[in-house]
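S.K.: Once you've had a glance at the structure underneath, I'll fire off some questions.
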Amino acid sequence: MQIQGHTALVTGAASGLGEATARELARLGAKVAILDRNLEQAERVAAALNAEHGPGRALACECDITDTASVTAALARAQAGLGDARILMNVAGIGSAKRIVQRDGSAAPLEDFTRVVQVNLIGAYNVSRLFAAACAQLAPLEGGERGVMLFTASVAAFDGQVGQQAYSASKGGLVGMTLPMARDLAQHGIRVCTIAPGLFATPLMQELPESVQQTLAASIPFPQRLGKPEEFAQLASQVVTNGHLNGEVIRLDGALRMAPR
């Protein structure tokens, strides 16, 4: 499926990997809905894309992916402003690191595990089911394709570190959901893939001391540096344009395999 002229929804698009993905899609000719809880930041990104690519190219939509009413309203706003969406990039997510047994001997709070799974896994599914139901009603394109959906997992889905039980479980859920969802939506001509990024130079990563960032970069076999958000965005866009990519999870990590800690 070509990107030019189609509408894309990008969750978590106000910063980091989501923002890079929104920028790349807009550069390639898509109209992009910037979905994020941070409306002020989303409006900043949308304004920048409209200034660079022309008015009407991007639209900020406040969206809490765990709240169905919020997602429904955001999708309706995107449809009214940009047209029917055929591309969904699920990038929004949160992190967590808590050992099961805390330093004081107490058990890790269940609320932390629940919150991470609720956002990273259930939230992504929530947006995807609503997108898929709308996309399935669209007229098919050449070859019978109607749309493309992408999830953002993590290498932690495969080799999570100490304390990453919640994060790894949520990202592992996305990995496990990819193939059955692709099979489920095949009848509607909607492809589903997942990218599992490694260590990337996101705003959250850049908050760490430079020495820590260098140590993390040194753990990557090659290239021995943090991934660039633009590299994630490039791969995400290639998933859209390569019509035979479906039901696949792609590691984007420079051959990194995470150590236990």
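S.K.: Over what distance in Å are the Cα centres of the stretch 43-99 and the stretch 221-261 separated?
M.R.: 22 Å
S.K.: Going by how many other beta carbons lie within 10 Å of each one, how would you line up 21, 72, 7, 152, fewest first?
M.R.: Least crowded to most crowded, the residues run 72, 7, 152, 21.
S.K.: What shape does the stretch 113-209 take by its C-alpha gyration tensor, where a ≥ b ≥ c are the square roots of the eigenvalues and a/c under 1.5 counts as rounded, a/b above b/c as prolate, and the rest as oblate?
M.R.: Prolate, because a/c is 1.5 or more and a/b exceeds b/c.
S.K.: Taking the chain as the reference, fit the longest principal axis to its C-alpha atoms, fit the long axis of helix 229-241 to the helix C-alpha atoms, and give the angle between the two in degrees, 0 to 90, nearest 10.
M.R.: 40 degrees
S.K.: Please give the helix 39-53 orientation as an angle from the longest Cα principal axis of the chain, in degrees from 0 to 90, rounded to the nearest 10.
M.R.: 50 degrees
S.K.: How much length would be gained if the chain were fully extended between residue 187 and residue 108, taking 0.36 nm per residue of separation minus their Cα-Cα distance, in nm to one decimal?
M.R.: Additional length available on full extension: 24.2 nm.
S.K.: Quick check: from the Cα gyration tensor, does the chain come out rounded (a/c under 1.5), prolate or oblate?
M.R.: Details: a/c = 1.58, a/b = 1.49, b/c = 1.06.
Because a/c hits 1.5 or more and a/b exceeds b/c, the chain counts as prolate.
S.K.: For 59, 25, 235, what's the fewest-to-most ordering of other Cβ within 10 Å of each Cβ?
M.R.: With the fewest neighbours first, 59, 25, 235 line up as 235, 59, 25.
S.K.: Roughly what % antiparallel, to the nearest 5, for the DSSP beta bridges in the chain? Write out the running numbers ahead of the final one.
M.R.: Working: 1 of 30 bridges.
Once the DSSP bridges in the chain are tallied, antiparallel ones form about 5 percent.
S.K.: Still on this structure: When the chain is treated as a GNM, springs tying every alpha-carbon pair under 10 Å, which of 78, 133, 166 comes out with the largest mean-square fluctuation?
M.R.: Residue with maximal mean-square fluctuation among 78, 133, 166: 133.
S.K.: Among the aspartates and glutamates, which have Cα under 20 Å from the Cα of residue 98 when same-chain residues fewer than 8 positions away are ignored?
M.R.: Candidates past the 8-residue exclusion: 111, 112, 159, 207.
S.K.: Shape of the stretch 35-80 from its Cα gyration tensor (a ≥ b ≥ c, root eigenvalues): rounded if a/c is under 1.5, otherwise prolate when a/b > b/c, or oblate?
M.R.: oblate
Rule-based calculations on the coordinates, nothing more; no lab input. Here the structure is a predicted model, which means the values were calculated and not measured. Note that each Cβ is placed from the backbone with ideal geometry, even for glycine, and that neighbours are counted across all protein chains shown.
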